[in-house]
Amino acid sequence: MKRTNADSLRRLVLCCIGSLGLLATSGAGADPSTAGRSYNAEFLGPVLDDSLIQHGKETYVVAGCAYCHGVNLQPLGEAADLMRSPMVGADDNGNVIGPVVRAGFPQTLSLSPMPQYSDLSEQQIIAIARWIHYARQQGRYKELVAAPDRRGDAAAGRDYFARACSACHSTERDLARIGRTYDRQKLRAQILAPDALNRQTSFKVDRRGDAKSLGRQRHGALLENYSKEDVSNLVSYLQSAR
Amino acid sequence: MNVTRREFGKLALGGLSSAVGISSLGSRDASAATTATAGANRSLIEGVQFGLQPYCYHDLPMTRENRPLLIERLLANGMGMVELMSPWVEPNFRTPGVTPEQAREKLRQWRLNVAPDYYLAIKKEFDDVGITVFTYYVDFRTSLRDSSDAEVDALFRAGQTLGAKGCVGSMWLSAAQRLASFPGKHGMFLGLHNHANLSDPDALSSEESFIKALSYSPDFKAVLDVRHFVAANGDCLGFLERHHSRVASVHLGDRRRNNGRSTPFGEGDAPLIEILRMIRDNQWSIPAIIEFEHGTLRSGVEEVQLMFDYCKRALA
C-alpha cells in the first residue's frame with residue numbers, strides 16, 4: 001500500500017472540481033495572479049504514507065474533532081488538550097476514548113460543551129483513536145527529543161526500567177552494551193522511538209502479535225506518557241550499561 | 001414544492017456537479033459586482049438576505065493580514081453580507097514569547113488608542129467590493145472578564161465605524177446584564193448568540209434563558225444559532241414564531257439533538273428549509289448568516305458553496 005487510495009482519490013476529486021471550474025473561476029476570478037491560490041484541499045497537510053493513519057486522520061477531521069481539538073492536537077478555544085490528556089494517555093485502541101466520545105461532556109462550565117457522538121461505529125472510533133495516538137506520539141517525540149539534556153537520576157531510571165521495560169529488555173542481555181553503542185542524544189532518540197520499530201503496521205498473519213508489534217505498541221504508549229524527567233533518568237541509567 | 005428533507009438531502013448531494021455549476025455562475029456575478037452596486041443584494045435570495053459568519057473558512061487563519069483573502073473568498077461564494085469577527089480586524093498580539101496576559105494588555109491598549117480612520121479604511125475595503133458588514137462579532141468571553149467600560153465602548157464604536165448595525169457575542173446571562181446599557185449609547189443593538197450548554201444556569205441556550213436575557217435591555221436582540229439551539233433540544237420554528245421581532249439574525253447550520261454533533265446541511269435535526277421559508281413567507285428582515293463547524297475534507301469555499309446552494313434550493 002504505497003501511495004495511498006486516499007491520495008489518488010484526492011487527486012481525482014481535485015481534478016474533477018478543477019474541470020468543473022470551481023477552482024479555476026472562483027475568487028475575483030478576473031485576476032490571474034490570485035486564481036487558484038489557497039483554494040485547495042491540502043489544508044490537512046501532505047498525505048501520509050501509511051493509508052491506515054491517513055484514514056484515521058480523515059475520520060477525525062470528518063467527525064469534526066479537528067474543529068475544536070486541532071488536526072495535530074493543538075486545541076482551539078476551550079477544548080481539552082489531547083496531547084497532554086491523561087485520559088488519552090491511558091487509552092488503548094479506543095477503549096477509553098470511545099465511551100468518552102460517545103457520551104460527550106454535557107455537564108460542564110464550558111461555553112460550548114463537547115458534543116456526544118453516539119452514532120460513531122466501532123471502526124470509526126478505532127480510526128479516530130489511531131490518529132489521536134499517532135499525532136500525539138509525533139508531537140511528544142518532537143518535544144522530548146529536543147528537551148534540554150539534563151543529567152538524570154540513574155537510580156530513578158533503574159526503578160522506572162524495572163517497572164516498565166524489564167518484561168522485554170534487560171541490561172544484562174539485549175541492552176547490555178547499549179551505553180557504548182549510542183551517544184546520549186541517539187540513546188534518547190532510541191528510547192523514545194527505536195529505529196527497529198519504525199515501520200508500518202503489518203497485517204501478515206504470522207506478524208500479528210509478534211514481539212515487534214507488541215514492542216511498537218508498548219513503545220508508543222510509553223512515549224505518550226513520559227515526562228521529561230523520566231526520559232533523562234532512563235538515559236542516565238542506560239548510559240551506564242556498557 | 002413537496003420534497004421531504006431526506007429526498008432534499010439526496011438531491012443536494014447528488015447535485016454536486018450542478019451545485020458547482022451554480023457556484024461558478026455566482027462568482028461571475030461577484031466579479032461583475034466589484035463596482036459596489038450590488039452590495040448585500042448579491043446574496044438576497046427570494047427575499048431572504050444571506051450572509052456569512054467568516055469563522056467558516058477553517059483553512060484560513062483569522063488574522064487581519066488574511067483579510068484580503070477573506071474578501072476574495074466571500075466574493076467567490078457570492079456573499080454580499082458578513083458578520084465580521086474582530087480577529088479579522090485587530091492585530092494579533094499572541095505571538096511566541098508573549099504571555100497571554102501581556103497580549104491581552106497590548107490588545108486593550110490598542111483598542112483604546114486606535115484612530116477611527118483605521119476602521120473606516122476597513123469599512124471601505126468591504127464597501128468597494130459591495131459587501132455589507134452587518135454585525136461585528138466580539139469575543140466578550142475573554143474581553144469582558146477584565147475589561148473596563150472604556151474598552152467595551154471602544155468595541156461598540158469600532159463596530160459602528162465599520163458600518164455594523166450591532167455587535168454580536170457569545171453570551172451568558174451575567175455578561176448580558178453587565179452589557180445592558182452599552183448598545184443604546186452607540187445607537188446599536190447587541191446580538192446575543194446562544195450555545196448548547198444546558199447544565200450551566202448562567203448559559204444562554206434555551207428559550208427561557210433567551211427571554212430572560214432579552215428582558216435586560218430593549219437594545220438586545222437574539223442571534224439565534226439554530227444549530228446550537230437544536231442541540232439544546234430547542235424548537236427553532238416556535239422560537240421564531242414567538243420572538244421574531246426580537247431576532248436580529250439566525251446563524252444557519254445543522255446539528256443533532258441532545259448535544260449532538262454538527263453535520264453537513266440536511267443531515268442534522270435543524271429544520272433549515274422550514275426556517276428559511278418561514279423568513280421568506282413572513283417577509284421578516286432576519287438575515288440568515290451561514291456558519292458551519294462540522295468536519296469536512298472539502299475546502300471552506302467549496303463547503304460554504306454547498307451549504308449556500310442547499311439554501312437556494314430550499315427557497316426555489
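The values are calculated or read from the model by the stated rules, or taken from the named source; none is laboratory data. All figures in this text were calculated on a predicted structure; none of them were measured in a lab. With ideal geometry, Cβ positions are generated from the backbone for all residues, glycine too; neighbour counts draw on all protein chains shown. To get the accessible areas, we keep the full protein, side chains included, count just its heavy atoms, and leave off ligands, DNA and RNA. Shrake-Rupley method; radii C 1.70, N 1.55, O 1.52, S 1.80 Å.
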From B:Glu90, B:Glu101, which residue is modelled with pLDDT of 95 or more, over 30 Å from B:Lys312 (Cα atoms) and among the acidic types (Asp, Glu)?
B:Glu90
It is to be established whether one or more residues within region A:40-52 are surrounded by fewer than 17 Cβ atoms within 10 Å (Cβ to Cβ), at pLDDT below 50 and either more than 7 Å from every other protein chain (Cβ to nearest Cβ) or touching a His at 6+ places or on another chain (Cβ under 8 Å) (or both).
no
Does region A:170-191 contain at least one residue that is in contact with a Lys or Arg (Cβ under 8 Å, 6 or more places away or on another chain) and within 30 Å of A:Gly64 (Cβ to Cβ)?
no
Members of region A:195-238 that are of a type in the set (Val, Ile, Thr) and in a loop (DSSP other than H, G, I, E, B)
A:Thr201
Qualifying residue in region A:126-142 (condition: within 12 Å of another protein chain (Cβ to nearest Cβ) and among the charged types (D, E, K, R))
no
Inspect all residues belonging to region A:69-80 and state whether any of them is without any contact (Cβ under 8 Å) to a residue 60 or more places away in the chain, open to solvent by less than 30 Å² (accessible area, probe 1.4 Å), more than 21 Å from the chain's Cα centre (by Cα) and within 11 Å of chain B (Cβ to nearest Cβ).
no
Count of residues meeting criterion [open to solvent by 20 Å² or more (accessible area, probe 1.4 Å), within 14 Å of another protein chain (Cβ to nearest Cβ) and modelled with pLDDT of 95 or more] in region B:298-316:
1
What tally of residues in region A:88-125 results from selecting those that are more than 8 Å from chain B (Cβ to nearest Cβ), free of Cβ contacts under 8 Å to residues at least 60 places away in the same chain and touching a Ser or Thr at 6+ places or on another chain (Cβ under 7 Å)?
1
Only one of A:Arg84, A:Arg102 is surrounded by fewer than 21 Cβ atoms within 10 Å (Cβ to Cβ), modelled with pLDDT of 95 or more and not in a loop (DSSP other than H, G, I, E, B); which?
A:Arg102
So is B:Leu198 of a type outside the set (Lys, Arg) and either more than 22 Å from B:Arg261 (Cα to Cα) or away from chain A (no Cβ under 14 Å) (or both) or not?
no
Where residues in region B:68-94 are in a loop (DSSP other than H, G, I, E, B) and in contact with a Leu (Cβ under 8 Å, 6 or more places away or on another chain), which of them is farthest from B:Ala121 (Cα to Cα)?
B:Asn77
Flagged in region A:159-193 as open to solvent by 80 Å² or more (accessible area, probe 1.4 Å) and under 14 Å from A:Tyr226 (Cβ atoms), in numbering order, are A:Arg163
Do you know which residues across region B:58-67 are touching a residue at least 12 places away in the same chain (Cβ under 8 Å) and either of a type outside the set (S, T, N, Q) or assigned to a loop (DSSP other than H, G, I, E, B) (or both)?
B:His58, B:Asp59, B:Leu60, B:Met62, B:Thr63, B:Arg64, B:Arg67
Say we look at region B:75-85 and pick out the residues that are open to solvent by less than 10 Å² (accessible area, probe 1.4 Å) and more than 9 Å from chain A (Cβ to nearest Cβ); which of these is farthest from B:Val168 (Cα to Cα)?
B:Gly78
In the set B:Thr161, B:Thr135, the lone residue that is within 19 Å of the chain's Cα centre (by Cα), of a type in the set (S, T, N, Q) and closer than 30 Å to B:Asn282 by Cα is B:Thr135
Could you list, in sequence order, the residues of region A:135-158 that are outside any loop (DSSP other than H, G, I, E, B), open to solvent by 60 Å² or more (accessible area, probe 1.4 Å) and more than 16 Å from A:Gln239 (Cβ to Cβ)?
A:Gln138, A:Tyr141, A:Lys142, A:Glu143
Among residues belonging to region B:271-297 that are within 11 Å of chain A (Cβ to nearest Cβ) and crowded, with 20+ Cβ neighbours inside 10 Å, point out the one that is nearest to B:Gly47 (Cα to Cα).
B:Phe292
Determine which member of the set A:Ser227, A:Ser121, A:Ser202 is loosely packed, with under 14 Cβ neighbours inside 10 Å and in the same structural domain as A:Ala66 (by TED's automatic domain parsing).
A:Ser121
Residues of region B:46-74 being hydroxyl-bearing (Ser, Thr, Tyr) and open to solvent by 50 Å² or more (accessible area, probe 1.4 Å), in sequence order, are B:Tyr55
Single match in B:Leu204, B:Leu192 (criterion: under 27 Å from B:Ile275 (Cβ atoms), within 14 Å of chain A (Cβ to nearest Cβ) and over 14 Å from the mean Cα position of the chain (by Cα)):
B:Leu204
A careful count of residues in region B:213-231 that are open to solvent by 10 Å² or more (accessible area, probe 1.4 Å), of a type outside the set (D, E, K, R) and under 19 Å from B:Trp172 (Cβ atoms) gives 3
What's the number of the condition A:Pro86 fails, among (1) within 11 Å of the chain's Cα centre (by Cα); (2) farther than 24 Å from B:Asn258 by Cβ?
(1)
Of a type in the set (Gly, Ala, Ser), within 14 Å of chain A (Cβ to nearest Cβ) and more than 21 Å from B:Phe134 (Cα to Cα): which single residue out of B:Gly268, B:Gly238, B:Gly253 fits that description?
B:Gly268
Mind listing whichever residues of region B:232-243 are closer than 26 Å to B:Gly187 by Cα and open to solvent by 10 Å² or more (accessible area, probe 1.4 Å)?
B:Arg242, B:His243
